[in-house]
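Colleague: Right, I'll just put the structure down here and ask away after.
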Amino acid sequence: MKMGRLIILTLFLLAKFSAIQARAGNEVRDATLKPSSPFSLALETLQRQIGYTFQSIDLLRRAMTHSSFSEENNKALSILGASAIETSVSLRYLKKDIDASAKDLNNRILEISQVESSCAVDAIRLGLQKVIRVAPKTNASAPAVVCGAFRAIFGAVAMDTGKSDDAGKVFWSVHGGGEVGGAAALCESVF
């Protein structure tokens, strides 16, 4: 009889110890999933602002890294993003007016993608000048810098999903109803 109680007590203690270890393992795992640096927190906030969660956060990290900061930077993603934006603008414009002239279509693309106006305005509204990593002597608020980061976001989305259409959808949700500089004030900046 005593042997049976000893076995039951031993099994109970093993089960209790296993539960404690599992709980501790979950707490460690949860702690490692939470962003710890200000940059990581800014990337989390940026994902909420644009309404897209990256499967590979490293793509967004690269999109927010200027060439002055690292050789692993946003230049290529910016080119891809600009292409995705131009394609999306073209599709949207031609769906509204299939008889539009090439000149009108080109003007609409230029209007939405101009660095000094629309692109930089959208980037500043997202607060990208506070997120993008640049070298100390580089002005993070310069239109070319924030516009490159803005375009790189959509290149990163296209890479993350494998579809430029998804990048276009995220662009329109950020940019707003198709107007120049139309990015909505998405939320107060916490950077």
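Colleague: Karplus couplings for the range 88-101 from phi (6.51 cos²θ - 1.76 cosθ + 1.60, θ = phi - 60°), rounded to Hz, Gly and Pro as x?
Modeller: Karplus values, whole Hz, x for Gly and Pro: 5, 4, 4, 4, 5, 5, 6, 5, 6, 8, 5, 8, 4, 6.
Colleague: Would you mind checking which residues have amide H under 5 Å from Arg133's amide H? H placed 1.01 Å from N; only 5 or more apart, or other chain.
Modeller: Placed amide hydrogens put Thr65, His66 under 5 Å from Arg133.
Read-outs: derived from the displayed coordinates by stated rules, not from any lab. On a predicted model such as this, the values are computed, not experimentally measured, just so you know.
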